[in-house]
Every structure is written in C-alpha cells, then in structure tokens.
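The structure under discussion appears below in the form of structure tokens.
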Amino acid sequence: MKTPPRPKSTKLSETCAPPPETIRDKKRNKRYSRQNLLGEGGFARVYQVQDERGTLLAVKTISKTALQSKKNRTKLYAEIKLHKALSHPNIVGFEECFEDDENVYMLMELCKSGNMMDLLRARKRYTAPETRFFLVQLIGACQYMHEHSVIHRDLKLGNLFLDETMNVKVGDFGLAALIEREGERKKTICGTPNYIAPEVLFDTSNGHSFEVDIWSIGVIMYTLLVGKPPFQTKDVKEIYKRIKDNVYEFPVDDPIPVEAEDLISCILTPDPNDRPALHEILDHPFFSGTTPSSIPATARISKPDFSGITSAMSNQNMRRLRQQVELDISRPIAAKNGEEKTESVSVAEQEREFNKAVQPSSPISALLSSARQPLIVANSLPSQPLLRQATTAALAEKDRKQKLEIQASNKKFMANLEREKEEQAQDRDKEREKEHEQVADQKLRIVSEMVNDEKHKGKGRAVMDENNQAGATSAPSDNASKPKTKSNCFLEMHTNLHNAFTARRDGKRFEIPSQYLHQDDKASKVFIVSWLDYCNKYGMGYALTDGTVGVYFNDSTSMVLAPNKQSVDYIASRGKTGTALRRNFNTDREVPQDLDNKMKLLRHFEDYMLERLYGARSYTYVDEEKKKGMTFVQRYYRMKNLIVFKLSNESVQFNFYDHTKMILSRGGCVVTYIDRDYALSRWSLDEILGLESEGNTRDKKKMDGIIVKLKYCKDVFATGR
C-alpha cells in the first residue's frame, strides 16, 4: 500500500478573505480603493490601492485571525516599529498603519517597477554595470540600517523593490531585529533558505548579528550576475549542507568578471568575523568598473547598453551615486508626518506598553497605538541611536564612571610594569643576540656542508622541456645549465645575506663571491608587477615586467602566456621524480582540450590584470621575442607580514603588506626595491649595505627601513621556508 502524499502546507494568508474593495481608515477619515494583488507571503498579502487624491500606494494586509498568538503579534509590532522609524532614499517609505474589523493595514510607498526577482525572471541575468549600481544602493540602505542597530535578516531579490525610476528600495521588515546593546547576538533561526547565513543555521549558541546581511549581499550579487543563487538545489536540506560546506561554483562557459568572483568569494566566507565590512566591499576593484548614472526603464525587458560610458564618466557617476544613497553621511532617525521626537513617554513605559500590547488578550488597537509611537532614544547612548532599554541607560553612566576610575588606576600600574619589563627585555635581547649569531654561524656551516654533499650526488629538480628531445636539460631561459633545488637557492641567498650583514656589523665591506659577478643581470629585470589572489577557487594570477602573464593553479600546475600572446607554456610535475615538465603550445590551434578551461582562466586573469593592475612603469616592457621558456612562479608562501614568490629565474620576490616590494636575484647579490609610489631602486648587495644614510631625515628613515626589510628577508630564508 502506497503512502499517501503529504498535503502541501497552506499559507496563513491564503486562509483569509481578501480585504473590502474600499478600505477605510476611520481614525483619519480616509478611504483607499483596492486594486490588483501585488504579492503574498505566509503572513500577509500586499495590494495596490489608490487614495481619494488619485495617489497610488501599496497596502500590506494582515488578517486579525493571524494575530491570535503572541509570536505573530510581536512580529507585527517589530515590523511596524522598525520600518516606521527608518527613513532612507533606498528603503520603502512607511506611511501609516490602521485597522478595521477584519484586518490590520500597513500603508507604504508603491514601487511601480516590481521587485528585482521579477526583473531577473524576465532577463535571466543582470549586467555588471547594473549589478554595481544596484549594489551601491543596497549597501547604502544597509549601512543606514546598521548604523541604527537594525538587522534586516531577510535580504533577497523578492524584498528588493524598484521604483518608477529603477532605484532599489529595501522592503519587508517582517524578520528585522533590533540590536539593543553592544555585542548582542540574536538566536532565532529565520530567513530564506537560499540567502540564509551559515551562523544562523549552525551556530545558534553564539548567535548572529549584522554580518548576516553582508552574507545576503554576497548571495544577491552572485544571483544577479549568474542568474541563480549560489547554493540553490531542489532540496532545502541540500541547500543547507552546501551553505555549511561553502560549496558553490562560478560558471566557466559564460563567466562573470574575475573581480566580481573575487568579491563574492570574500563576502561568502563562513566565519562572519572574516567577512568584509560594507565600506570595504565598496573599496573593492569591482566598484571601479563601468557605472551608469541611472538604469533605464527598458532594462525591465532587455539588456541596456552602457558601452558609451567612459572611465571619467563612471567615476563621476559613482561619486554622485554615493551621495544619493547617503553613504558618506550619518543621519539620525527622522521624525515623520510632523511628529516630534520627545521623551514624554519614558523608555520603561514604552517597554511596558509593548509587553502589554503583544499579549493575545490585548486589543489590536493597543498594539497599533504602541507601535505607532516613535522609538525613544536614550540620551546617554548617542552612538547607538535605536537603543531603548531603560535599565541599560541607567546603568551605563554608573558603569562608565567606575570603568574610568579602574582604567586610570590600571593605566598607571601597567605603565610602571611595562617600563620594568622593557628594561629587562633590553638586557635579555643583548645577551640573546650574541648567542643567536653564534648559533646561526654554526647552523649555516652545517647546512652548507649538507647542500654541498647533495650537489656532489647530482640531485636537483630540473624543468624538462617536452618539445626538445628526451633527456634534454631545462628550458633555456631559466638557468638551464644549473637546475637548483628550492633549498639550494634559498640557502645561497641566506648565506650571502648573512655574510653581508656580519661584515657590516664588524665594520668591514662585503665582497660579492666571484661566481655572482659575471652572471646575466636579466633575471633582476623580470619580476611580478601585479598579482591577483584567487586561491580559494582557482589559483594565483600574476603579470611580469616583461609582459608575461601566468597562473599558478591550486593543483600546483602553472600556465604562462608569452608576451606576444601567441604561445603558452604549461608546467606540470612529473610524478615522484620531482621533475617539472614544460610543454609549449600555440594559443590559436595547439592547446589541448583538457587544458581548455585553464586557458580560459588564464585569459580572464590576463584581461583583468593588464587592464586594471598592470600600469605603465619605467621598468615594464614587452619582450616580443620571448615565445617559450617564460619565467613563472614555482612556489609562493604566505607569512604574517608579506607574501614570498619563488620565480623560475632564481629570483625571490617579497611583497610586503605596506605595498612595497623587494626582489633578490643572483644569489641575493642584487637587491631591487619598489616603494609605495612604484619607484624602482636597484643596488648590488655590497652597495646597499655600504651606503651611509646621508641627506635629510626623511631619506635616512627610508633607507633605514629598506635595510630592515632586507634583514627581514634574510630571517625568512633562515626559517627554512
């Protein structure tokens, strides 16, 4: 016997009769003519209505039969209270709330262009300029809400409405919550499956806060550009599993911009503490692209053309858009309809009214009367404009005075303690420095002997060129005659740097070993000028000074496009031998099918970096003759203060997080430094350590900083990385 199918759940709104054709607000003596149904949810229905003056509005109707529980009453109260308090160009305007015998009505601004889900259904995907425009407006609304301690908790395309001039309006505050004290976390599991943040589902012990809205912005951005939500499947449980495991993919056949993929990946981070803040999202390179001044009405049915917008026009449009959405100002909550914010009703009284109004036995009129009142802002908490707990306000001043006294006492005690610690640490550091130098000398001698033994045994990791005959040596451009292991290259640099700093300490001049004096200096001129980190999905993209563009993929293979863009090198490991196999192809006809996707990704990285990040520098050029054996990244390492790149031309590049770079070549005997303004300086190792810090204080400080970074590079090699 077959099990009968489960009955489909019925929306609460479907069990209620529609409102009358003429809706009356008896208290204000106004009438509204009901027109077409705009939409419905589990709790309410929304209709278009027209007032006696002919103005079109939207009205949300909630049947009183749905308001018999305290839970639903609390939800309605919160929605009215919070929505009514918010006034922003990109939030649906709240007009009034009232009741009749059957229903409660919330009168709101009508958004004549529907919602963004309607547009997605008609268009399938949004363009990047449209997405950029709408996201700025959404972020402006979110910043306003968050500044006023409100989390929306249900941001999705269906709740983002479009007015007559195609501007975003955030609506439906049915799940919104107020953060009433600093650090408060909400524990309720709520939201829409495709858009819900992982901490809402899987971390109820710690709860959630404003970061859930940021997660939803990432989902919305993906959905606009790709055409469907990132975690979407038919099964809700599977959606939640994908959210938990952070499993989603970007389309390869019809890709979105690389900078968009990067931003989405940054936002859709499972740990809410690692997500970017709203202002950091807007600082991302994605928002440097084409930005229209407005979205045409024709965008409802067809893809708009923004090809005529120049870079200068985009910058101007972005500045104007930021002003329009009030991103660069902080505004208190505005009184509406002539209301003045007074504290004639205390916060405590307001709280008592709320607790009384949401009781099932209380009349709906009492709930609406309480919800209509402006939120009371405690004067002692100006930085949190929507906080309204009387106990918090009363205790805050007392706590503040006590904390100031404790802090003053602690500060004095800690200052004395730190002074004593500093003096003791200085004495210890002097003793340890001598010990470390002795140990370093001893370790260096031992490791040098070990490496020399390895050299005699003939071990080393070569780069083999498949296009040459079997048994050929490494590709001609990358020191083919002398393949080196990673430890060999690093050890040589550490040896030379260590000896140079030791000579400097002893007041002697460092003599560069003879084997480095006559080496080709070309390697010092080829280094990474721009890079793009996309390791969470594909790999690390980079562009070199000679016009080469490459990608170090997550599977440890590399693909490098020649400066003339007509040929490509593919480098992969050859199993247990540790030998890297290099293959060269013509980009027009020879790239194998199994490398097609990697080739597409390489092209995307190339387009983005050469257009956005490369820049015309005195040290960049295009080596048209280079068609094979291009320099590539063999390995990179992330450290606390920098990222280190090991290049196949035996150079090592240090990119510091203060946007300066240091490149060591010829065994560390040539030092190239690029400052924050992209100015290049190059010295031999004996020159840079023999320089006296002359000139003004600024130059001396800069030179001292370069020497400190060089010493830091030496210490990096010493770690054995």
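Every number in this text was worked out from the coordinates using simple rules, so none of it is lab data. Here the structure is a predicted model, which means the values were calculated and not measured. Using ideal geometry, Cβ is built from the backbone for each residue, glycine included, and neighbour counts are taken over all protein chains shown.
Pairs of lysines in segment 12-108 whose Cα atoms sit within less than 19 Å of one another amount to 15, provided the residues are eight or more positions apart or on different chains. The relative contact order of segment 116-324 comes to 25 percent, based on Cα pairs under 8 Å that sit 6 or more residues apart. With the largest listed first and rounded to whole Å, the semi-axes of the equivalent ellipsoid of segment 206-248 from the Cα gyration tensor are 18, 16, 7. For residue 64 and residue 271, the FRET efficiency from 1/(1 + (r/R0)^6), where r spans their Cβ atoms and R0 equals 35 Å, is about 0.20. Size of segment 116-324 from its Cα atoms: along the principal axes, largest to smallest, the extents are 52, 38, 29 Å. Under the combined filter of DSSP loop state and at most 10 neighbouring Cβ atoms within 10 Å, segment 619-661 retains these chymotrypsin sites (Phe, Trp or Tyr not before Pro): 657.
Restricting the calculation to Cα atoms, every distinct pair contributes to the Kirkwood radius of segment 492-718, found to be 18.7 Å.
Compared with the direct C-alpha span, the chain from residue 622 to residue 320 gains 104.9 nm at full extension, assuming 0.36 nm per residue.
Applying the criteria of a DSSP loop state and at most 14 other Cβ atoms within 10 Å to the trypsin sites (Lys or Arg not before Pro) of segment 224-267 yields 234.
Residue 176 sits among other residues whose Cβ lies under 11 Å from its own Cβ, and their net charge, with Lys and Arg +1 and Asp and Glu -1, is 0. Suppose we look only past 14 Å in the calculated P(r) of segment 153-211. What percent of the Cα-Cα pairs does that tail hold? For segment 153-211, the share of Cα pairs beyond 14 Å comes to 59 percent. Loop-located GluC sites (Glu not before Pro) in segment 624-692 (DSSP state not H, G, I, E or B) with no more than 10 neighbouring Cβ atoms inside 10 Å: 625, 692. Computed from phi, the 3J(HN,Hα) profile of segment 257-266 under the Karplus parametrisation 6.51, -1.76, 1.60 (θ = phi - 60°) reads x, 4, 5, 5, 4, 5, 5, 4, 5, 5 Hz, with x in place of Gly and Pro. How many percent of Cα pairs in segment 43-109 exceed 14 Å? Tail of P(r) above 14 Å: 61 percent of Cα pairs.
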